[in-house]
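To keep things clear, I will list the structure first and then write my remarks on it.
The numbers here are math on the coordinates, done by the rules we state, and not lab data. As the structure is a computational prediction, the values presented were derived from the model and not from experiment. Don't worry about glycine lacking a Cβ; one is built from the backbone with ideal geometry, like all the others, and counts go over all protein chains shown.
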Amino acid sequence: MIRDTIHDIIARAVAALREQDEVPNVELPAFDVERPQATAHGDYATNVAMKLAAAAKSAGQKVNPRALGETIAARMRETVALVPAYDLVESVEVAGPGFINIRLKSAWLLEQVGRVVAEGNSFGTITLGRGRRVNLEFVSANPTGPVTVANGRGAFIGDALGSAMRAAGFDVTQEYYFNDSGAQIEKLGRSLEYYLRLARGEADAQKPEEGYFGPYYETVAARMLEGDAGALLTLADDERAAEIGQAAAALIMSDIKETMAKLRIEFDVFFKQASLEPSGELAAAIEEMRAAGYTEERDGALWLTTTRFGDDKDRVIVRSSGEPTYFASDVAYMRNKFHRGFDRLILVLGPDHHGYIARLKAVARMLGHAADDLHVLLYQLVTVKGMRMGKRLGNVVTLDDLYDEVGPDVTRFFFLMRSSDTNLDFDLDLARKQTDENPGLSVQYAHARAAGVFRKAAEQGIAESDWAGADLGMLAGDPPEQRERELALVRQLLRLEEIVERVAVALEPHHLTRYGMDLADAFHLFYDTCPILKTGADVTREVRDARLRLLRAAQAGLARTLTLLGMSAPERMERAEPSEPAHAPA
């Protein structure tokens, strides 16, 4: 990444100064290389002088950070002049108490246009992960009904996070864990037994006091009766609820998979909790905990002593009745994941799972892994503004409801616009709008607008071969406002690698939507300011061709961003026609 090159220049300059005793002889502390908020301060800024001065002070040496910054900046200029690989730097200046601001060469920035186009849909790929294997589990809603917006938020967070982590060089497996056994499945079975009997015309069908009710479950019952569900009603009382529940869960699982597919949310593995016991993995996990000395018997039950690793209390894994608990399945499932060779486990869970973090990290330690080998990413609540009730469940809104209202792309963008640690108010009225007000369309609109220019160019007989190798240096003579817009667009494009890194490290995919909107804004400013197809005194053929090449890079960057977000990159949109503003030919 560009930032890494800047970091190397700084470190090399400081090392040279240390050899000549021109800087304090202390270990170089970690320092930041960041993009300043104001572009007037350059492309990058570093606090290395202040960090080094602070380290010197701790060692008993008094150093003026501003003066130290001037010394380091001077050596950086010499380093840049001597090393061809560092020729991207235009200037190095000191500001404030010792910040060093670095500005990149305009010519070098424009040269990167070719790289963006050449890399295409691999643009933004970095090697941060170095192939480390990550298991990313998300959604994992119980198969007792459709996925609602509440647990559906994790679907988009997980999918976008997985995409960004793969771009960052991690080997990611996206996984859905179906909790298809236990008390909630028996509860589902009792509910479906009621609807099955109603569908068969049994007027005396008994509705359970607690259960899952509504039109959706009536349709599930009808679908079950198309098979052999009638036979399930003849089973013994102690078997019937569980068997009907399993059959209903299988149908609901198929509905959930269909919903995920419609919204372009992909999974590599669908893992069933019910498989843990017959496979022997549940018993093996309990025995491993017992053999390692992490269990205690109390009051006839078997407890896992998770308090030894920071949990607030120990947890029962086998009840006094001999029945394993739900937590025992969690232990077995985590063991299964680590046995599959994953280096890190990431779980995307809702706000009601905060209490799970300590116990799960304790289990990771018991299984011989570091606590940091497991990360729980919690997301906050979702409310939907503009929809009175869901169509399938009545009292809640499902992801299918949103799909029907605004489609997969806008749904996804709105879910990803906010940080996962803040509540999300999904403004359905705004999401429905087909105007510039709708942020969910902004990046797609920019991509379609670029495609429109290329269609018009083809209509005018301008072939891609005419401009594919155009000299971007021809833009050097553009008027200041136009040149500023062209360079601003390139600068935005080159941020993508750093955004991918930030998402993968901080596990915050919302940065992708913010970046997409920033890139779209830079594109529109370029598009509105810099005529492309109108040649004449102000726009020569050479400038036109250079701008077409820059436009192709912008389109590639927009497409790549949309791909990382899991959205489509349309060539046409109703709002995006015509393809150029008033200064372009009709």
Worksheet item: Stokes-Einstein D for the range 128-242 at 10 °C, 1.306 mPa s, Kirkwood Rh over Cα pairs, in µm²/s?
Response: 95
Worksheet item: Under 23 Å from the Cα of Lys257, which lysines turn up, not counting those fewer than eight places away in the same chain?
Response: Lys187, Lys272, Lys337, Lys391
Worksheet, complete the sentence: Whole-Hz Karplus couplings 3J(HN,Hα) for the range 100-109, θ = phi - 60° and coefficients 6.51, -1.76, 1.60, Gly and Pro as x, run 10, 9, 10, 10, 8, 5, 4, 4, 5, 4
Practice prompt. Name the aspartates and glutamates eligible as straight-distance cross-link partners of Lys385: C-alpha to C-alpha under 15 Å, and not fewer than 8 places from it in the same chain.
Written response: Asp401, Glu405, Asp425, Asp427, Asp429
Worksheet item: Over the Cα atoms of the range 2-104, what Rg and Dmax result, in angstrom?
Response: 12.7, 38
Practice prompt. Among Phe454, Ala506, Met573, pick out the residue whose Cα is farthest towards the positive end of the charge dipole of the range 439-576, where Lys and Arg carry +1 and Asp and Glu carry -1 on C-beta, about the Cα centre.
Written response: Met573
Worksheet entry | Mean ellipticity per residue at 222 nm, deg cm²/dmol - from DSSP H runs of n ≥ 4 across the chain, formula -39500 (n - 2.57) | -16000 deg cm²/dmol
Fill in: Range of Cα positions in the range 183-262 per principal axis (Å), largest first
39, 25, 25
Worksheet item: Sequence-distant or interchain residues sharing an amide H contact under 5 Å with Leu349, placed H: which?
Response: Leu377, Leu378, Tyr379
Worksheet entry | Under the Karplus curve 6.51 cos²θ - 1.76 cosθ + 1.60, θ = phi - 60°, whole-Hz ³J(HN,Hα) for the range 49-56, x wherever Gly or Pro sits | 5, 5, 5, 5, 5, 5, 5, 5
Worksheet, complete the sentence: For the pair Trp108 and Arg130, the simple spin-label estimate (label points 7 Å beyond Cα toward Cβ) gives in nm 2.6
Discussion item. Using +1 at the C-beta of Lys and Arg and -1 at the C-beta of Asp and Glu, which of Leu225, Thr144, Tyr527 has the Cα lying farthest in the positive direction of the dipole of the chain?
Written reply: Tyr527
Item to complete: Take the Cα gyration tensor of the range 459-541, multiply each eigenvalue by 5, square-root it, and list the three semi-axes largest first, rounded to whole angstrom.
Response: 31, 14, 12
Discussion item. No solvent, one uniform scatterer per C-alpha: report log10 I(q)/I(0) for the range 49-183 via the Debye equation at q = 0.09, 0.16, 0.19, 0.21 1/Å, two decimals.
Written reply: -0.59, -0.95, -1.05, -1.13
Worksheet entry | At most 13 other Cβ within 10 Å, DSSP loop - trypsin sites (Lys or Arg not before Pro), the range 1-92 | Lys62
Worksheet entry | Tilt relative to the chain, helix 2-19 - C-alpha long axis, 0 to 90 degrees, to 10 | 60
Response to the item:
Between the modelled labels at Thr5 and Leu235 (7 Å from Cα along Cα→Cβ) the distance in nm is 6.5
Worksheet entry | For Leu17, net neighbour charge (Lys/Arg +1, Asp/Glu -1) across residues whose Cβ lies under 13 Å away | -1
Worksheet item: Using +1 on the beta carbon of Lys and Arg, -1 on that of Asp and Glu, and nothing else charged, what's the dipole of the range 436-586 about the Cα centre, debye to 20?
Response: 200
Worksheet item: Using mean Cβ contacts within 10 Å as the protection proxy, how do 289-301, 373-385, 482-494 order, highest first?
Response: 482-494, 373-385, 289-301
Fill in: Helix 149-167 axis, angle to the chain major axis (alpha carbon atoms, nearest 10°)
50
Practice prompt. Tally the DSSP beta bridges in the chain and give the antiparallel ones as a percent, rounded to 5.
Written response: 50
Discussion item. Averaging the inverse of every distinct alpha carbon separation and then flipping it gives the Kirkwood radius. What is it for the range 52-96, in angstrom units?
Written reply: 11.8
Worksheet entry | lysines whose Cα lies under 18 Å from that of Lys313, excluding same-chain neighbours fewer than 8 positions away | Lys361
Worksheet item: About its Cα centre, how strong a charge dipole does the range 44-198 have in debye, to the nearest 20, once Lys and Arg get +1 and Asp and Glu get -1 at the Cβ?
Response: 520
Fill in: About the Cα centre, charge dipole magnitude for the chain (Lys/Arg +1, Asp/Glu -1 at Cβ), debye
980
Worksheet item: For Val410, what is the net charge nearby, where nearby means another residue's Cβ is under 10 Å from its Cβ and Lys, Arg count +1, Asp, Glu -1?
Response: +1
Worksheet, complete the sentence: Dividing the surface of the Cα convex hull of the range 355-476 by four yields a projected area in nm² of 15.1
Item to complete: Filter the GluC sites (Glu not before Pro) in the range 8-95 down to the DSSP loop ones having no more than 11 other Cβ atoms within 10 Å, then list what survives.
Response: Glu27
Fill in: Coil-residue trypsin sites (Lys or Arg not before Pro) of the range 117-206, DSSP, other Cβ within 10 Å capped at 16
Arg130, Arg132, Arg200
Practice prompt. Give me the angle, in degrees from 0 to 90, between the Cα long axis of helix 399-416 and the longest principal axis of the Cα atoms of the chain, rounded to the nearest 10.
Written response: 40
Response to the item:
Here the range 236-300 gives, from Cα atoms, an Rg and Dmax in Å of 17.7, 49
Discussion item. What translational diffusion coefficient, to the nearest whole µm²/s, does the chain have by Stokes-Einstein, given a Kirkwood radius computed over alpha-carbon pairs, a temperature of 37 °C and 0.692 mPa s viscosity?
Written reply: 118
Worksheet entry | Ranked by how many other beta carbons lie within 10 Å on average, peptides 335-341, 239-245 from highest | 239-245, 335-341
